[in-house]
Amino acid sequence: MKLALAIASLIVFAVHGVVFYDQFFHKWERYQTAYFDQARSQARSELERAEMEARRPRIEQILVTNFGAARVDRCTTCHIASDDPRFSGLSHPLKTHPYSTALGDINQAGRWVRRHKFNDFGCTICHDGQGRGLTEYYAHGEDHYWPEPLIGYTVQHTWKKEYQKFLKGKEYMQANCAQCHTEENFAGTPLIAKGRRLFFEKNCYGCHRIEGISDGTLGPELTEAGKKFKIDYLWESIVDPRAGMATSFMPKFRLTEDEVKALVIFLKSRKGINLTETSLALFRARLNQDSAPPAAMSQPSLPAPSLNLVARGKELVEQRACAACHKIGDKDGGIAPDLSFEGAIKDEPWLLEHFKNPRALIPDSIMPAFRFSQADFEAMTAYLISLKAPTPPASPAEIFKLFCARCHGEKGDGQGPVALYVDPAPRDLTKAAFMNSKPRERFVKSIQEGVPGTSMAAWQNVLSESQIRALVDYIFTAMVKERGRELKARNLPEQNPVPSSPQSIARGEQTYLARCTGCHGRKADGKGPNSLDIVPRPRNLRNSPFIQSISDRRMIESILYGIQGTAMPPWIDYGMSQKDAGDLVNYIRSLTQASGRRQLRAGR
Amino acid sequence: MSAVHDKISNDTSLSSVLRQLPRNLWSSVFRHPLPSSELGQAQTSFSNFFLHIHPVKVNRHTLKPTYTLGLGLMSFFLFVILTVTGVLLMFYYVPSTDQAYDRMLDLRGSVAFGTFLRNMHRWAAHGMVIVVFLHMCRVFFTGSYKKPREFNWVIGVLLLLLTLFSSFTGYLLPWDQLAFWAITVGATIATYAPFIGQKIQFLLLGDNVVGQEALLRFYVLHVVVLPLLMSLLIAIHFWRIRKDGGLSRPPEAEVAPGASEIAVKLVSPPAGKQSFGFMGLVRGPFVKVGNVPDNTVFSWPHLLTAELFVFVITLAAVLVVSLLFHAPLEEPVNALHPPNPAKAPWYFLGLQELVSYSAFWGGVGIPALEVLLLLLVPYLDRSPHGVGRWFAKERLLANTLFLTFALFNVGLIVIGTLFRGPNWEFVTPW
């Protein structure tokens, strides 16, 4: 035991030795001693020499209280020569901070005078990093927990290798310049201006909200992006949106390296509140914002108006990056429907109204309502109307591939490349139980006239009736495959047998709450608790264009006899009468009338 | 010896006074010189404030390292290390949400020995949770909670709870992401108690979320309330060890005969002084002096060397770990950006794992039952057999049950710590 005791004691002493050594032999002391030595040898007067002689290493710090929360910058403990012009030739850390007219420094007869004096500004306000650290690892923010590494200089080891090379360069510091120099076209921050321009040009603003600049709701808010995220995350989220979140449907924009960098710097400069703003000013701005949309939003930089409306529309559509989501010709964003033959399947009023408020026509659409001017919308509509369909190919298989496969999928299973983003989802045409339960006439009609309230367009101007019938036959032989029984028309009234009345609606609501909310949801928006487990998803019963387009007979039939191939059960088996179904129809129709009115109001 | 002492103090000339000053100072503080006789050994233990908590003599069995493993002492020394480093850290810490994290950076960056102090405090705290738990296992597996030590077991369980709570309250103080979310998760577990859950959380946090009020409350609990309570309970815990007849050991008959019979040689006490008592010769709760087989040794130096050994080992371990590993300090608090998964401190991850199955049972039901059972252990197991031996055959059932209990909790903690990834889904750590 004595030996063990001796060893343990030795360890205790050894550790003390190491700790004491660490504590009393700092790297920064060596830097400071080197600085004193060199400054002494360069001293021009005896007094200066004596002053240098008397200086002893100590922790230097700058307390910055002028800009936001107080900062403690101990950077000058190592970078002790940063304000001593004689050391411009040396290497870091004993190097003079460069002087530059771009920084506002003034050369007065060979003597530089700094505009941003270190005593007033400190260091981290421009450079980021951790002002309190005294080792390179912590001070430069190499510690990956530190949210603000030296911007443009330090890359943290957790950052992806492939992006690291893009994330260096002093231009990144413009993000910090913009904390005080908030003017949109400030000469010192050209990349902020460029990033802001791109933010509008690439339609980022349609999905993302930045307070005072844009108010998109589809994507995450970016008002404090610069505070929340490091530049590696911003870079990655722009060039590869799905890397961070697999379910993201943000498009991969075709951006050059410089453009991504400008966007990253612009976003890095968004820190919610900048140093020139007071909370009072922010509050005032917010009060005023409630009445008017952010000024910047309604006037994104526009191309010069041209005489030809179609040409101008084309210019706008290209510039606004519509193809970041949609397909137009050979450009394909892979998220939204094909616009290449929009003129053949949509008409002008529909397009114009859809531009202004996509959700008035397709209630569950993810397309943002862009706030372009009326003239812009008209030009873009004119351009889209000018896009006509090619002559349909001869065989139904090729027709399907050209017009249908983007949503319904090559195999017709409803898993087309954009199916994930289309709501209601494209019909799975291989589901025999459903396909065989409906008369073929209904499919012909859906193709001819489209399905209101959904992304299914009307193809009657592109395809002739015989082509459509051939297409339906092709779908049944190639995709449905199973042959169904002969369908017998059920004995159901064409009109709802129960006249709509407040009493009937109230009875319908009772039935609805008792029977339907599990799937269709309490709000009847198709998002009940069971809806996530059900494919196809339960119908959104507040989709007014759709609900208004279908007959009472179809609704009653769907309720009483169910919809084969879906989770909708035949409620007649559970004792529901035609009268109950009639009440339900009245209730459902009352919902869409109300919500239809609401949507119209919102669209106006 | 005392005759010499008297002679010196009688000489009152100045030079003599000065010459004798060091020795007088010394002997006024330490009443006895380093003991050279058994009487001296007994007197030293008896008259020194710091030593008088020891019996003059201890049973040989108590000193067997394989019996106690020194775990109880280790817990105490960790508590001492924590107190010392904690007090030093208090000089630099401000329990304010604006300043706490900056103070951590200062400790790491510019305070002399700051990093090391923080490392020591952190690792000693984690170590104490482990060691206290192991100490409890030792006491159970050796059946040491049995009559007359029932209540000391109860105090031990309370001390375990206080240790956990001290560690939990300290976890928040660095005010980084790790701290914030661990406490948020931990405090949420408290809300699963029926009826009063929300109130408990509010009482603990002083708010509905972890914020300035919570930081202040945790600070006060951590540096004042809990250490005081623990000191009190530790004192009682120690005191009862002696009043309950020293550490548990097998009944005397079981000890192989022959090792004893070393009677204490009585040096005739100086005239006018009372004879020193054999207060240390305690077997059972009452002092017995008599001609029973003596199986004891003097505390000085045997017990003290053992204690010193445990102390140095403990200190060395804490120092080495603190030198090799830095206490974590993550991002500054961002209340809008929870890490995924947000995990409680590791010793509560067993609870969090249970909570992921059932909020009530994991957060309240099972832990409350476990604590209740632990407290009741000595009152449920009344059989007097198997005391003082590891894994005694007579205690097979009890030991198996306890082992299951311990492994169950350790297993849950291991799963919660290593095998749970984002969204609390199962992941493998390799």
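Coordinate-derived values only; no laboratory data. Model, not experiment: these values are computed from the prediction. Reconstructed Cβ throughout: ideal geometry from the backbone, glycine too, with neighbour counts over all protein chains shown.
Cysteine residues of chain A whose C-beta has no other cysteine C-beta under 4.7 angstrom: A:Cys78, A:Cys126, A:Cys177, A:Cys180, A:Cys204, A:Cys207, A:Cys322, A:Cys325, A:Cys404, A:Cys407, A:Cys516, A:Cys519. Using a cutoff of 8 angstrom between alpha carbon atoms and counting only pairs six or more residues apart, the relative contact order for segment A:27-139 works out to 23 percent.
For chain B, modelled as a GNM with alpha-carbon contacts under 10 angstrom, which of B:Met136, B:Met90, B:Met120 fluctuates the most? Ranking B:Met136, B:Met90, B:Met120 by mean-square fluctuation puts B:Met90 first. Evaluated at q = 0.13, 0.14 Å⁻¹, the base-10 log of the normalised Debye intensity for segment A:161-298, with identical point scatterers placed on the Cα atoms, takes the values -0.55, -0.64. 3J(HN,Hα) along segment A:534-549, derived from phi through the Karplus expression 6.51 cos²θ - 1.76 cosθ + 1.60 where θ = phi - 60°, amounts to 10, 10, x, 5, x, 5, 6, 7, 9, 6, 5, x, 6, 4, 5, 7 Hz, with x in place of Gly and Pro. For chain B, the longest principal axis of the alpha carbon atoms and the long axis of helix B:226-243 meet at an angle near 40°. Straight-line reach from A:Lys2: taking Cα to Cα under 17 Å and skipping same-chain neighbours fewer than 8 places apart, the lysines in range are B:Lys64. Each part reduced to its alpha carbon centroid, segment A:97-163 and segment B:87-141 end up 32 Å apart. Based on Cα contacts under 8 Å between residues 6+ apart, chain B shows a relative contact order of 25 percent. Put a dot 7 Å past the Cα of A:Thr276, heading toward its Cβ, do the same for A:Lys579, and the two dots end up 7.3 nm apart. Packing, as the average of other Cβ atoms within 10 Å across residues, places the peptides B:417-427, A:575-585 in the order A:575-585, B:417-427, highest first. Computed from the C-beta positions of A:Ala506 and A:Ala433 and an R0 of 35 Å, the FRET efficiency is 0.50 to the nearest 0.05. Taking a straight Cα-Cα cut-off under 16 Å and skipping sequence neighbours fewer than 8 places away in the same chain, the lysines within cross-link reach of A:Lys314 are A:Lys202, A:Lys327, A:Lys331, A:Lys388. Taking the helices alone, the protein assembly as shown has a mean residue ellipticity at 222 nm of -14500 deg cm²/dmol, built from -39,500 (n - 2.57) per DSSP H run of at least 4 residues and averaged over all its residues. The C-alpha atoms of chain A define a longest principal axis, and helix A:552-561 lies at about 80 degrees to it. For q values of 0.05, 0.08, 0.10 Å⁻¹, compute log₁₀ I(q)/I(0) with the Debye formula on a Cα-only model of the protein assembly as shown, without solvent. Values, matching the q order: -0.54, -1.05, -1.28. Over segment A:309-385, the ratio between the Cα radius of gyration and 2.2 N^0.38 Å evaluates to 1.00. Other residues lying with their Cβ under 15 Å from the Cβ of A:Gln510 contribute a combined charge of +1, Lys and Arg counting +1, Asp and Glu -1. For chain B, taking the reciprocal of the average inverse distance between every pair of different Cα atoms yields a Kirkwood hydrodynamic radius of 24.8 Å. Inter-chain neighbour count for B:102-110: the average number of beta-carbon atoms from partner chains within 10 Å of each residue's beta-carbon is 6. Taking amide H as placed 1.01 Å from N in the peptide plane, the amide H of B:Lys57 sits under 5 Å from that of B:Gly280, B:Leu281, B:Ser299, each at least 5 places away or on another chain. Here A:Lys271, B:Lys393 are placed in order of increasing Cβ neighbour count within 10 Å, fewest first, which gives B:Lys393, A:Lys271. Take the Cα of A:Thr247, step 7 Å toward its Cβ, do the same at B:Thr404, and the gap between the two points is 4.1 nm.
Normalised by the number of residues in chain A, the mean separation of alpha-carbon contacts (under 8 Å, six or more apart) gives a relative contact order of 7 percent.
Peptides A:377-384, B:403-410, A:340-347, ordered by how many other C-beta atoms sit within 10 Å of their residues on average, highest first, read A:377-384, A:340-347, B:403-410. Straight-distance candidates among the lysines for linking to A:Lys170, with alpha-carbon spacing under 24 Å and chain neighbours fewer than 8 residues away dropped: A:Lys95, A:Lys117, A:Lys160, A:Lys161, A:Lys194, A:Lys227, A:Lys228, A:Lys230, A:Lys261, A:Lys268, A:Lys271. Placing a label point 7 Å from the Cα of A:Thr33 along the Cα-to-Cβ direction, the residues of segment A:44-85 whose backbone N falls under 16 Å of that point are A:53-59, A:78.
For segment A:16-25, just list the computed ³J(HN,Hα) in residue order, Karplus coefficients 6.51, -1.76 and 1.60, θ = phi - 60°, integers in Hz, with x standing in for Gly and Pro. Rounded to whole hertz, the list is 4, x, 4, 5, 5, 4, 4, 6, 10, 10.
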